[in-house]
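Here's the structure, in structure tokens; my notes come after.
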Amino acid sequence: QVQLVESGGGLVQPGGSLRLSCAASGSSFSANDMGWYRQAPGKQRELVARITRGGSTKYADSVKGRFTISRDNAKNTVYLQMISLKPEDTAIYYCKAEVRMWDYWGQGTQVTVSS
């Protein structure tokens, strides 16, 4: 029903920046709440940022002031702009769409912050 494809991950030095993209298809994108999650090896998947269909945002305390979630409904895409990256930001980042009672996940994109 919904396909999500993340892109933009990669290797970056501490203090650097990356912009992740999540392209959605198969649903009415503008009606969906969207989120970015991340999972590091040995840790539970955690919420990084969330944006509602109305544009309201929420961030994990660990990324407030450094990450910005946004959406472009015309392009069916949600973004995560990440600045001042830290090694502890290293994880696989996943995009999630909340469609009524169903959640849909992308395949993930690797972000590695290392010197």
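Key figures for this structure:
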quantity	calculated
Residue in the range 81-94 that is modelled with pLDDT under 95 and surrounded by 13 or more Cβ atoms within 10 Å (Cβ to Cβ) present	no
Residue ranges of strands (runs of 3 or more DSSP E) in the range 30-115 with at least 1 members more than 14 Å from the chain's Cα centre (by Cα) and touching a residue at least 24 places away in the same chain (Cβ under 8 Å)	91-99, 102-105, 109-113
Residues of the range 95-115 classified as open to solvent by 20 Å² or more (accessible area, probe 1.4 Å) and among the small types (G, A, S), total	2
Residue that is farthest from the chain's Cα centre (by Cα) [pool: residues in the range 20-29 that are surrounded by 14 or more Cβ atoms within 10 Å (Cβ to Cβ) and outside any loop (DSSP other than H, G, I, E, B)]	F29
Extreme residue, least open to solvent (accessible area, probe 1.4 Å), among residues of the range 31-56 that are of a type in the set (S, T, N, Q) and either modelled with pLDDT of 95 or more or at positive phi (or both)	T52
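The values are calculated or read from the model by the stated rules, or taken from the named source; none is laboratory data. Here the structure is a predicted model, which is why all the values come from computation and not from measurement. Cβ coordinates were reconstructed from backbone atoms using ideal geometry, including for glycine residues, and neighbour counts include every protein chain displayed. Note: accessible area is taken over every heavy atom of the protein model, side chains too, but ligands, DNA and RNA are not part of it. Shrake-Rupley method; radii C 1.70, N 1.55, O 1.52, S 1.80 Å.
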